[in-house]
Amino acid sequence: MDWAHETLYSDIKIGLKGNLIDKKKTTYQNLKIYDTPRFGKVLFLDNTIQTTEMDEFIYHEMLTHPLLIAHPNPKNVLVIGAGDGGVLREILKHKINKVTIVEIDNEVITLSQKHLPSLSKGAFNSKKVKIVIDDGAKFVEKTSEKFDIVIIDSPDPIGVARILFSKKFYTNIFSVLRSNGIMIRQTGSTMFQPDEIKENYQILKTVFPCVYAQIVAIPTYVGGFFSFLIASKTKRPQKISYKEVTKKYNKLNLETKYYNPDIHFASRKLPNYIKKGLYNE
């Protein structure tokens with residue numbers, strides 16, 4: 001076995017020991033998959049950990065269920081990125097009609113299905129799923145379709161993903177959402193990437209009337225709390241009651257390993273250092 005090291009930070013070295021089972025230099029990035037004794041198979045993009053078989057459920061459940069539960073009747077969902085299939089798997093637990101996944105790198109989908117089938121669990125083969133191989137920013141700029149939910153599962157704002165953190169992109173997301181639409185995106189480590197959540201919060205506030213954060217701890221995403229920003233055209237996501245969340249959760253009979261009605265609300269409770277950065281409290 002060899003050591004696989006993440007190189008996202010110049011002054012921090014994160015290593016997982018495992019066997020390299022596949023690698024490919026795609027048009028957009030360097031893709032590697034390792035098989036490790038502790039975390040199972042691990043997907044690296046440009047030497048940065050994207051997901052692991054062991055802890056992926058935390059990230060994927062928290063990127064999907066809080067929105068799909070908060071929305072009154074989600075039927076049409078857009079996903080940007082998420083080529084490993086974990087987000088699709090969770091979305092399909094809800095009574096949606098269609099989910100469009102826009103992934104710029106087809107190799108991520110191909111190799112994830114080959115080596116990490118437990119993430120998608122056949123979701124790519126669902127008749128409800130439409131796969132589009134395209135740049136997510138270009139897709140939302142040109143599409144005439146309207147969506148209830150938009151989920152942005154992109155890498156950090158470097159390289160081809162940088163545009164997915166811009167005001168122009170968020171303005172286009174606002175345009176493709178229906179009147180009660182909601183979007184979510186990951187905004188990195190609150191400790192090691194504090195500017196990412198702060199800057200995106202400020203940009204989103206100029207586009208959406210309702211923006212708030214949720215946090216979660218994911219073992220292989222180093223730095224303690226990992227953050228997401230939720231932006232909505234209405235106040236409903238913030239005002240939904242515990243009773244309604246519980247009712248919908250039970251009615252759907254959701255099989256989740258991390259998310260539940262308590263987590264739905266607890267994840268929105270922020271420690272002071274994050275609140276101060278976002279709200280100047």
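The values are calculated or read from the model by the stated rules, or taken from the named source; none is laboratory data. Here the structure is a predicted model, which is why all the values come from computation and not from measurement. FYI the Cβ positions are ideal-geometry reconstructions off the backbone, even for glycines, and counts take in every protein chain you see.
What number goes with the only condition from (1) outside any loop (DSSP other than H, G, I, E, B); (2) at pLDDT 95 or above that R38 does not pass?
Only one criterion in (1) outside any loop (DSSP other than H, G, I, E, B); (2) at pLDDT 95 or above is unmet by R38, namely (1).
Of everything in the stretch 8-29, what is in a strand (DSSP E or B) and of a type outside the set (G, A, S)? Give them in sequence order.
I14, L16, K17, N19, L20, I21, D22, K23, K24, K25 - these are the residues of the stretch 8-29 that are in a strand (DSSP E or B) and of a type outside the set (G, A, S).
Please work out if V108 is in the same structural domain as V140 (by TED's automatic domain parsing), under 13 Å from the mean Cα position of the chain (by Cα) and within 22 Å of A137 (Cβ to Cβ).
In short, no.
Answer yes if at least one residue in the stretch 148-163 is among the polar types (S, T, N, Q) and at pLDDT 95 or above, and no otherwise.
Scanning the stretch 148-163 turns up no residue that is among the polar types (S, T, N, Q) and at pLDDT 95 or above.
For residues in the stretch 252-281 being basic (K, R) and at pLDDT below 95, which is nearest to V87 (Cα to Cα)?
Restricting to residues being basic (K, R) and at pLDDT below 95, the top hit is K275.
Out of I91, I131, I149, report the one residue that is among the β-branched types (V, I, T) and over 27 Å from Y242 (Cα atoms).
That would be I131, the only listed residue that is among the β-branched types (V, I, T) and over 27 Å from Y242 (Cα atoms).
Pairs, please: C-beta under 9 Å, at least 6 apart or cross-chain, first residue farther than 16 Å from V222 by Cβ and in the stretch 24-48, second surrounded by 21 or more Cβ atoms within 10 Å (Cβ to Cβ) and basic (K, R)?
Pairs that qualify, where the first residue is farther than 16 Å from V222 by Cβ and the partner is surrounded by 21 or more Cβ atoms within 10 Å (Cβ to Cβ) and basic (K, R), are I33/K41; Y34/K41; D35/K41.
Collect the residues in the stretch 271-281 that are assigned to a helix (DSSP H, G or I) and loosely packed, with under 15 Cβ neighbours inside 10 Å, keeping them in residue-number order.
Across the stretch 271-281, the qualifying residues are N272, Y273, K275, K276, Y279.
Hey, which of the helices (runs of 4 or more DSSP H) in the stretch 46-129, taking only ones fully inside, have at least 3 residues that are polar (S, T, N, Q)?
106-115
For N47, are the conditions met, namely being farther than 30 Å from K93 by Cβ and at pLDDT 95 or above?
Against the criterion (farther than 30 Å from K93 by Cβ and at pLDDT 95 or above), N47 does not qualify.
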